[in-house]
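See structure below.
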Amino acid sequence: MLAGGLLFVAATLIVAQRPGELGLVDGALRRCSADGACVNSQFGEGEQRIAPLYVGADVGRAWQEMLTLLEGHSSVTVTARESHYLRIEWVQSILPYRNDLEFLRFDSGGLIHVRAAGRVGFLGMDSHLDQVTELSERLAGAMGMDSGF
């Protein structure tokens with residue numbers, strides 16, 4: 001039984017691939033594919049919709065706090081970093097499945113949009129959403145705010 005479980009985890013790690021293209025399209029986050037484990041605050045619909053992170057007037061400070069939190073997290077690897085865009089890979093804590101999270105900063109609106117996609121679909125048990133929630137709570141605490149996403 002244990003060997004079967006380990007074989008299953010190993011097989012899913014081998015087939016786990018980045019969920020399609022990442023990065024911005026015309027200055028916006030890409031839409032989620034219809035069949036993927038993904039949430040998006042810009043273009044998500046139904047179960048794929050998540051609220052953006054409202055950070056108030058000091059978006060620059062919130063962006064720096066978020067970078068500090070992510071760069072200090074041992075399970076996070078920054079894969080793209082620009083002045084208003086950030087892409088990371090975040091390894092799930094229980095099983096070593098990678099999720100791809102992207103952030104897009106809007107200074108005038110006081111918010112940061114997010115797109116989070118799991119690489120192993122339902123096997124990731126919504127870990128991409130859990131990671132967004134964790135970051136939101138930690139960022140709200142660092143900013144002295146009551147809520148995050």
- Ordering of 23-36, 46-59, 99-112 by burial proxy (mean other Cβ atoms within 10 Å per residue, highest first): 99-112, 46-59, 23-36
- Item | Interchain or long-range residues, amide H under 5 Å from residue 79's placed H | 87, 88, 89
- Message: For the pair residue 108/residue 28, report the inter-label distance in nm, with labels modelled 7 Å from Cα in the Cβ direction.
- Response: 1.5 nm
- Quick one: which residues, 5 or more positions from residue 111 or on another chain, have an amide H under 5 Å from its amide H? H modelled 1.01 Å from N in the peptide plane, none for Pro or chain starts. 55, 106
- In whole Hz, what ³J(HN,Hα) sequence does the range 127-136 give by Karplus (6.51, -1.76, 1.60; θ = phi - 60°), x for Gly and Pro? 5, 5, 6, 4, 5, 5, 4, 4, 4, 4
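Coordinate-derived values only; no laboratory data. Worth saying up front: this structure is predicted, and the values here are computed from it rather than measured. Backbone-built Cβ (ideal geometry, glycine too); neighbour counts: all protein chains shown.
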